[in-house]
1. Looking only at the stretch B:117-125, decide whether some residue is more than 7 Å from every other protein chain (Cβ to nearest Cβ) and touching a Ser or Thr at 6+ places or on another chain (Cβ under 8 Å).
2. Going by what's in this entry, would residue B:101 be described as in the same structural domain as residue B:46 (by TED's automatic domain parsing), out of contact with any Cys (no Cβ under 9 Å at 6 or more places or on another chain) and either buried (at least 16 other Cβ atoms within 10 Å of the Cβ) or in a loop (DSSP other than H, G, I, E, B) (or both)?
3. Modelled with pLDDT under 90 and within 14 Å of chain A (Cβ to nearest Cβ): does that describe residue B:181?
4. Among the listed residues B:151, B:202, which satisfies the condition of being more than 21 Å from residue B:228 (Cα to Cα) and among the polar types (S, T, N, Q)?
5. Can you tell me how many residues in the stretch A:230-272 are in contact with a Pro (Cβ under 7 Å, 6 or more places away or on another chain) and basic (Lys, Arg)?
6. Regarding residue A:87, is this residue modelled with pLDDT of 85 or more, on the phi < 0 side of the Ramachandran plot, out of contact with any Phe, Trp or Tyr (no Cβ under 9 Å at 6 or more places or on another chain) and loosely packed, with under 14 Cβ neighbours inside 10 Å?
7. Would you check which residues across the stretch A:220-265 are at pLDDT 90 or above, over 19 Å from the mean Cα position of the chain (by Cα) and β-branched (Val, Ile, Thr) and list them?
8. Take the residues of the stretch A:114-149 that are out of contact with any Leu (no Cβ under 8 Å at 6 or more places or on another chain) and crowded, with 17+ Cβ neighbours inside 10 Å: which is modelled with the highest pLDDT?
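The values are calculated or read from the model by the stated rules, or taken from the named source; none is laboratory data. Keep in mind that what you see is a predicted model, and the values were worked out from it rather than measured. Heads up, the Cβs are rebuilt from the backbone with ideal geometry, glycines too, and the neighbour counts pull from every protein chain shown.
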Amino acid sequence: MINTFQQMLSYPFLVNALVVGILVSLCASLLGVSMVLKRYSMIGDGLSHVGFAALAIAYAMNVAPLTVSIPVCVIAAFLLLRMNENSKLKGDAATALLCSGALAIGVMTISLTSGMNTDVCNYMFGSILSMNKADVKLSIILSIFVLILYVIFYNKIFAVTFDETFAKATGTRSNLYNMLIAFLTAITVVLGMRMMGTLLISSLIIFPALSSMRLCKHFRSVIICSAMFSVVGFVAGIYFSYMHSTPTGASIVIADLIMFILFNVIEKIKAR
Amino acid sequence: MNLIECQDVTFTYEGNIALSDLNFCVKRGDYLCVVGENGAGKSTLIKGILRLKNPSKGNILIGDGLKANQIGYLPQQTIAQRDFPASVYEVILSGRLNSLGILPFYKRADKEDVMKQLMLLGIENLKNRCYRELSGGQQQRVLLARALCASKELLVLDEPVTGLDPIMTGELYRLIAKINEEEKRTIIMVSHDIQGAIMYASHILHLGKTQLFFGKKEDYINSEVGMHFIGGREND
């Protein structure tokens, strides 16, 4: 197994994928805890579809995909949160609407311009081969930025996740921190999309959080376990994907799924 | 001087009047109980005091050195909180957030304050327990400790005994009375449990879309609206 890893590390694109993947998995797992607890699990899905539409349009216009999709996703994330607040349209309905609407726009754009090709397929299901050098650099910088912001605002994010009304009443600007969470999530989703694919990215956000919540009883340990599970799931997935030439995104999700089931069983046994 | 003073306050939701013509004040050390039927505007008033909702008319003045972000608040529990994986210590510490300002992390004084509140409420043995595994009464105590951490002066309690059994309810009321008397905290409590509420309160505010009564507890018991409300419950 160690030999295989050494062999993997001799390919520069795989090293890139590992570095970016681990960083993005960390971001996703940290934010995922807040998302799951705030009942926003579907937001990752919604944002990734918006990201897909943005990528399709970026391709059609021949501009760098990340520079278009990040701002578009951030705006979509703010809108989603707003819809949840002053809600004629309830949160889940708004997310579903955004999901299918954005996907349709993306598919239409593609079919009217280049037509369905492997590039599009890569974005749907993810591929580590799709990253060039500039992408890798940007991804590393942005994910480190997300991690630092998360650590700095950890206490505030906890307060807003646990009890928004209380935080607001005692003078914490919870809207601001909600926006921050949405902003960080949007960036993470766009970064993770290329590796995991539009259809699978939300699993990167929710699976590690759910697994660690089976096991841990303190918020801090939930966060730390979630980060660990996420990295383990990612490395296991990519290893399997390399060995058996399976799609990366799906392999990672399967690894996360196995972990989730495992911890569920452990919890059941412990409860007896 | 008054800690909280309402002058001709009216709240509206989308043009419909929810609560009108409030005129009352809360002084330091008071224990005000807000009573009324469901939909009488109790929660709206709480939101107004906490600055979560602005009155459409009139003013809510906060005075006597009290800052708007130093009001301790015990909200009604949300469903999301019941299965929240956090330790009691983490939950209570989050009450100190308003004294943090722009600093990212808690200081030693914050942690000491948490220990003080844990002792005061007699839950120091729960410190490292998981919040979601506690009983309803224990959870309320934890949230009360968090509210104490957030305030130096005023506590606002929104239906603190909802869902508790009679023994727990009695204990929580005694605890709140103790905080009022020994810690000299001013208390505004919303409750639909009139019997328990008037046992310890010093003042009563009775709402029914508008202000039906405000004054000392003794006067309320002898007033027409008070007799009707308390008596009505006894006949049930």
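1. Within the stretch B:117-125, none of the residues are more than 7 Å from every other protein chain (Cβ to nearest Cβ) and touching a Ser or Thr at 6+ places or on another chain (Cβ under 8 Å).
2. When the stated conditions are applied, residue B:101 does not pass them.
3. Working: modelled with pLDDT under 90: yes; within 14 Å of chain A (Cβ to nearest Cβ): no.
Spelling it out, it is not the case that residue B:181 is modelled with pLDDT under 90 and within 14 Å of chain A (Cβ to nearest Cβ).
4. Numbers: B:202 fails: more than 21 Å from residue B:228 (Cα to Cα).
Exactly one of B:151, B:202 is more than 21 Å from residue B:228 (Cα to Cα) and among the polar types (S, T, N, Q), namely B:151.
5. Matching residues across the stretch A:230-272 total 0.
6. Details: modelled with pLDDT of 85 or more: no; on the phi < 0 side of the Ramachandran plot: yes; out of contact with any Phe, Trp or Tyr (no Cβ under 9 Å at 6 or more places or on another chain): yes; loosely packed, with under 14 Cβ neighbours inside 10 Å: yes.
No, not satisfied.
7. The answer is A:261, A:265.
8. So in the stretch A:114-149, the residues out of contact with any Leu (no Cβ under 8 Å at 6 or more places or on another chain) come out as A:114-121, A:127, A:129-134, A:136-137, A:141, A:145, A:148.
Remaining after also requiring crowded, with 17+ Cβ neighbours inside 10 Å: A:120, A:127, A:130-131, A:136.
Working: A:120: 69, A:127: 72, A:130: 65, A:131: 71, A:136: 85.
If we take residues in the stretch A:114-149 being out of contact with any Leu (no Cβ under 8 Å at 6 or more places or on another chain) and crowded, with 17+ Cβ neighbours inside 10 Å, then A:136 is modelled with the highest pLDDT.
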